[in-house]
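Visitor: A single structure is presented below for examination.
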Amino acid sequence: VLEVDKEMGLKLAVCHDLLSVKGGAERVVLTVARAFRAEVFTLLYDPSQAFEEARGLKIHTLGEWKLPQDRRFYPWIYPFFHGWGILKFLGLDLRGYDAVFTSGKLGIFAKGEVTLHYCHSPPRFLYDLRPIVSLYLGRRYGSPVRALAELWWGGWRKMDEWAARRPDLILANSLEVKKRIWRYYGREAEVVYPPVKVEKFRMKGGGEYFLAVQRPSPEKRIELLLRIFKRLPGERLVLVGSYIDPDYTAWLEEKMRGMGNVSWLKEVSERELVELYAGCKALVHTARREDFGMAPVEAMASGKPVIAVNEGGVRETVVHGKTGLLVDPPYLKNFVRILRGFDPSLFSPRECRRRAEEFSEERFVRRMKELLGRMLG
């Protein structure tokens, strides 16, 4: 990654919810922190669960809150954790920094003299996905829990709208998210696509299975994936990703029972993930109105085509007919038709790789340098 702090003479603080998972938001935060040699402020940092790039950075944790090992308690603890996190970021004194880069649904509450917020999306459980999540909670935990959640979300949404008025500039990770920012916050945003470490992925011919890399949660439509491959017993699916809700995980495992053509890998190393991309026929992506979608770009970096629902941020990354296929509804019928006898040789690995390079870390860092330079004059 380009290191630009020396030439800019910039003292930057980076604020993000958690560094205890490996996700696209965390990749963005660490890329910025490394490129600008920034100090990072976060609620939790777990070196064993974070990307290796976090090591060597100056990371400040904002408290001693520890989430329990038993994930069954998470749905009950999260409202208190979120409230605590909001207060921690609101109380953070960042006056000694030239600029502050914020990220996340809690990190957005931090404020500096000059503040730039990178928005992966307004929290979807507060806005467009609220009816779906509310229905899920009602079915899983009953009406009282659903009513309490609705009450908490109502208050949080007002706080979120207030927090979104404070940054000097908001960046959106896609045109899809730019539209949401205008719809829910009434603010303009500049699009800066998140960085993908293209050079770490390798191209390899052939492929024996279809791959899906997405956190198994209701908005990712994993049940649609299972219905598709139930109708394709001769095709193999490898699903990669873990989810914190043990009830939903158990429900998915029950759905997969008896499906010998589906494997679920909950935890894989970065090296293993690179090999899984290299060995697949294509990536299958079913997420509902995805914000951006790192997995499709990572698949293309591996020279693999992407077969995805024609909605959300994936429409900005996958070139239909060249680096993959964008599938229209009805999804079940059309995915089954496309995947049956799918021939990956119809797509050029080099064309896929070239498309992924348009979302490289180098391009991202150069754009961030331009924006921060403009903000600071």
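Visitor: Taking the conditions exactly as written (touching a residue at least 24 places away in the same chain (Cβ under 8 Å) and on the phi < 0 side of the Ramachandran plot), does LEU371 satisfy them or not?
Guide: Yes, satisfied.
Visitor: Within the bounds of region 142-155, is there any residue that is crowded, with 20+ Cβ neighbours inside 10 Å and assigned by TED's automatic domain parsing to the domain that holds GLU39?
Guide: no
Visitor: Further, regarding this structure: Output the residue which, of all residues in region 305-347 that are polar (S, T, N, Q) and over 19 Å from ARG227 (Cα atoms), is surrounded by the fewest Cβ atoms within 10 Å (Cβ to Cβ).
Guide: SER345
Visitor: Across region 180-201, what is the total count of residues that are more than 24 Å from VAL32 (Cα to Cα) and charged (D, E, K, R)?
Guide: Residues in region 180-201 being more than 24 Å from VAL32 (Cα to Cα) and charged (D, E, K, R): 1 in total.
Visitor: Between a first residue in region 305-320 that is charged (D, E, K, R) and a second residue that is outside any loop (DSSP other than H, G, I, E, B) and surrounded by 23 or more Cβ atoms within 10 Å (Cβ to Cβ), which pairs have beta carbons less than 7 Å apart while being 6 or more apart in sequence or on different chains?
Guide: Correct list of pairs: empty, since none qualify.
Visitor: Right, something else. Quick check on my filter: what residues within region 100-138 are in a helix (DSSP H, G or I), in contact with a helix residue (DSSP H, G or I) (Cβ under 9 Å, 6 or more places away or on another chain), of a type outside the set (Gly, Ala, Ser) and over 16 Å from THR42 (Cα atoms)?
Guide: ARG130, ILE132, VAL133, LEU135, TYR136, LEU137
Visitor: For LYS322, state whether it is in the same structural domain as ARG221 (by TED's automatic domain parsing), modelled with pLDDT of 95 or more and in contact with a Cys (Cβ under 7 Å, 6 or more places away or on another chain).
Guide: no
Visitor: Does region 253-271 hold any residues that are surrounded by 11 or more Cβ atoms within 10 Å (Cβ to Cβ) and not in a helix (DSSP H, G or I), and which are they?
Guide: Scanning region 253-271 gives MET259, ASN261, VAL262, SER263, TRP264, LEU265, LYS266, VAL268.
Quick grid of which residues meet (1) among the hydrophobic types (A, V, I, L, M, F, W, C); (2) more than 19 Å from ARG350 (Cα to Cα):
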site	(1), (2)
LEU265	yes, yes
ARG271	no, yes
GLU275	no, no
PRO330	no, yes
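Visitor: Would you call GLY85 without any contact (Cβ under 8 Å) to a residue 60 or more places away in the chain, assigned to a helix (DSSP H, G or I) and not hydrophobic (A, V, I, L, M, F, W, C)? Break it down into steps so the answer makes sense when it comes.
Guide: Values: without any contact (Cβ under 8 Å) to a residue 60 or more places away in the chain: no; assigned to a helix (DSSP H, G or I): yes; not hydrophobic (A, V, I, L, M, F, W, C): yes.
Criteria not met by GLY85.
Visitor: Sticking with this one: Checking the condition surrounded by fewer than 18 Cβ atoms within 10 Å (Cβ to Cβ) and farther than 24 Å from PRO218 by Cβ, which residue from ARG165, ARG139, ARG183 passes?
Guide: ARG165
Visitor: Taking the conditions exactly as written (farther than 21 Å from LEU372 by Cβ, among the hydroxyl-bearing types (Ser, Thr, Tyr), within 19 Å of the chain's Cα centre (by Cα) and at pLDDT 95 or above), does SER121 satisfy them or not?
Guide: Yes; evaluated as a whole, the condition is true for this residue.
Visitor: Would you check which residues across region 33-67 are touching a Pro at 6+ places or on another chain (Cβ under 9 Å) and part of a helix (DSSP H, G or I) and list them?
Guide: Listed by number, the list holds a single entry, ALA54.
Visitor: Kindly provide the set of residues from region 146-187 that are β-branched (Val, Ile, Thr) and either within 17 Å of the chain's Cα centre (by Cα) or part of a loop (DSSP other than H, G, I, E, B) (or both), ordered by number.
Guide: VAL177, ILE181
Visitor: Report, ordered by the first and then the second residue, all pairs with beta carbons closer than 7 Å, sequence separation of six or more or different chains, a first member in region 227-256 that is on the phi > 0 side of the Ramachandran plot, and a second member that is in a loop (DSSP other than H, G, I, E, B).
Guide: If the second residue must be in a loop (DSSP other than H, G, I, E, B), the pairs left are GLY241/GLN214; GLY241/ARG215; GLY241/PRO216.
Visitor: For residues that are in contact with a Lys or Arg (Cβ under 7 Å, 6 or more places away or on another chain) and free of Cβ contacts under 8 Å to residues at least 40 places away in the same chain, tally how many sit in region 213-226.
Guide: The total comes to 2.
Visitor: Name every residue in region 19-32 that is crowded, with 23+ Cβ neighbours inside 10 Å and farther than 21 Å from SER174 by Cα, in order of residue number.
Guide: LEU19
Visitor: GLU219 - would you say it is among the acidic types (Asp, Glu), surrounded by 15 or more Cβ atoms within 10 Å (Cβ to Cβ) and either part of a helix (DSSP H, G or I) or outside the structural domain of PHE51 (by TED's automatic domain parsing) (or both)?
Guide: Considered against the rule, which asks whether it is among the acidic types (Asp, Glu), surrounded by 15 or more Cβ atoms within 10 Å (Cβ to Cβ) and either part of a helix (DSSP H, G or I) or outside the structural domain of PHE51 (by TED's automatic domain parsing) (or both), GLU219 comes out as yes.
Visitor: Let me confirm something: among PHE109, PHE101, which residue is out of contact with any Phe, Trp or Tyr (no Cβ under 6 Å at 6 or more places or on another chain) and touching a residue at least 12 places away in the same chain (Cβ under 8 Å)?
Guide: PHE101
Visitor: The conditions are (1) farther than 19 Å from VAL28 by Cβ; (2) surrounded by 15 or more Cβ atoms within 10 Å (Cβ to Cβ); (3) among the acidic types (Asp, Glu), and ASP291 fails exactly one of them. Which is it?
Guide: Against the list (1) farther than 19 Å from VAL28 by Cβ; (2) surrounded by 15 or more Cβ atoms within 10 Å (Cβ to Cβ); (3) among the acidic types (Asp, Glu), ASP291 comes up short only on (1).
The values are calculated or read from the model by the stated rules, or taken from the named source; none is laboratory data. This structure is a prediction, so every number in the text was calculated from the model and none was measured. FYI the Cβ positions are ideal-geometry reconstructions off the backbone, even for glycines, and counts take in every protein chain you see.
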